[in-house]
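Notes follow once the structure below has been shown.
The values are calculated or read from the model by the stated rules, or taken from the named source; none is laboratory data. Everything numeric in this text was worked out from a predicted model, so none of it was measured. Ideal geometry is used to build each Cβ from the backbone, glycine not excepted, and the neighbour counts take in all protein chains shown.
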């Protein structure tokens, strides 16, 4: 067997939860470690360890990405009340992705993995659609309160000079809830520049959408910052590249995207991007076929799958039942991180390995061997449905045949 590819600088490896944690281990054992002398700095972001460390491990992992520049993350559970009870948690910990995004102040770019034998549900789509998701603030950093008796909710601003400003949110006569969100001009500017640069790199049009007609201060600030930066820094570059930037309302954007042929970058605020990337992934085929990379202003990259922890399959797995879980997005998180590590460190073997592994994975599906979720969507006449581990073995076979 050929000598393993050497790494000089580690990847930041963040393990996760449930079925994706099983996939994580299998991918390393079957598709990575036989060919690469894998060098990682490991952080266990499984829910149990996050609880034991009071979520310090998530912060440590994000800071490690700042140090080493490249990380790869497994899907993790963001606990709700049911999960708090199920795992006997000390607290309802925040989204690890939200924590990491806030620390890195980056932008998430999510793009579907395209295979020829799976046609998008939206018939007009011919090219991948990349959803660019702002990675700071909004509901992921909100402050919430449950109001159980009559009360007046107010926004109170206390300035450095001691002066105050107040704004009434609502006068509650009956129980209800209130949430306060914030964002930062600097983070919005980083988001805008990341989107403009990514569009220039891909030579694709950039669409940006919020709801400034309703949110006349919060969303309007996003719109204004994008326009100011475009006019002062990117208008000529976009014209030279033959691409376009425009703003539209989020509901209009949905209609435009559905009627389009794809091939654009669609920039969204944090929560909008979360929802719309799932819509785009599903319409292209499967949430397990969506890549995701967080890019920070100072050149840090964090790769992950865009889907969750595949809870339903995990419960079947722990009962000893067979699963047919699609590992494509998790595999592409690894290959994306390894490719970037190779690019940054000048290790051609790593970048070539990533390219070959992705080619083998796509070839496996296009030749008719796939997991159950894709078989339901694939238009090939002869399909072979395999289980979770068999799918990885089929990729391995094609990788070694290249």
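Annotations
- Single residue of 377, 392 found to be at pLDDT below 95 and either in the same structural domain as residue 2 (by TED's automatic domain parsing) or touching a helix residue (DSSP H, G or I) at 6+ places or on another chain (Cβ under 9 Å) (or both): 377
- Out of 351, 335, sole residue that is more than 22 Å from residue 25 (Cβ to Cβ), in contact (Cβ under 8 Å) with a residue 12 or more places away in the chain, assigned to a helix (DSSP H, G or I) and out of contact with any strand residue (DSSP E or B) (no Cβ under 7 Å at 6 or more places or on another chain): 351
- Selection status of residue 267, closer than 22 Å to residue 124 by Cβ and surrounded by fewer than 23 Cβ atoms within 10 Å (Cβ to Cβ): no
- Some residue of region 273-287 being part of a helix (DSSP H, G or I), at pLDDT below 90, surrounded by fewer than 24 Cβ atoms within 10 Å (Cβ to Cβ) and touching a helix residue (DSSP H, G or I) at 6+ places or on another chain (Cβ under 7 Å): yes
- The set of residues from region 200-244 being surrounded by 16 or more Cβ atoms within 10 Å (Cβ to Cβ), under 23 Å from the mean Cα position of the chain (by Cα) and not in a helix (DSSP H, G or I) comprises 204, 205, 206, 207, 208, 209, 210, 211.
- Annotation note: of 25, 90, 48, the sole residue that is part of a helix (DSSP H, G or I), touching a helix residue (DSSP H, G or I) at 6+ places or on another chain (Cβ under 7 Å) and surrounded by fewer than 16 Cβ atoms within 10 Å (Cβ to Cβ) is 48.
- Residue that is surrounded by the fewest Cβ atoms within 10 Å (Cβ to Cβ) [pool: residues in region 136-166 that are in a loop (DSSP other than H, G, I, E, B) and touching a helix residue (DSSP H, G or I) at 6+ places or on another chain (Cβ under 9 Å)]: 137
- Residue within region 307-330 that is closer than 26 Å to residue 210 by Cα and surrounded by 17 or more Cβ atoms within 10 Å (Cβ to Cβ) present: yes
- Residue 131 vs. criteria surrounded by fewer than 19 Cβ atoms within 10 Å (Cβ to Cβ) and touching a strand residue (DSSP E or B) at 6+ places or on another chain (Cβ under 7 Å): no
- Hits in region 354-374 (condition: out of contact with any helix residue (DSSP H, G or I) (no Cβ under 8 Å at 6 or more places or on another chain) and in contact (Cβ under 8 Å) with a residue 60 or more places away in the chain): 362, 366, 368
- Selected residue (only one of 293, 254 is part of a helix (DSSP H, G or I), under 23 Å from the mean Cα position of the chain (by Cα) and either over 30 Å from residue 344 (Cα atoms) or at pLDDT below 95 (or both)): 254
- Criterion: closer than 23 Å to residue 65 by Cα, in the same structural domain as residue 243 (by TED's automatic domain parsing) and not in a helix (DSSP H, G or I) - qualifying residue of 132, 194: 132
- Some residue of region 103-123 being farther than 30 Å from residue 259 by Cβ, part of a loop (DSSP other than H, G, I, E, B) and within 21 Å of the chain's Cα centre (by Cα): yes
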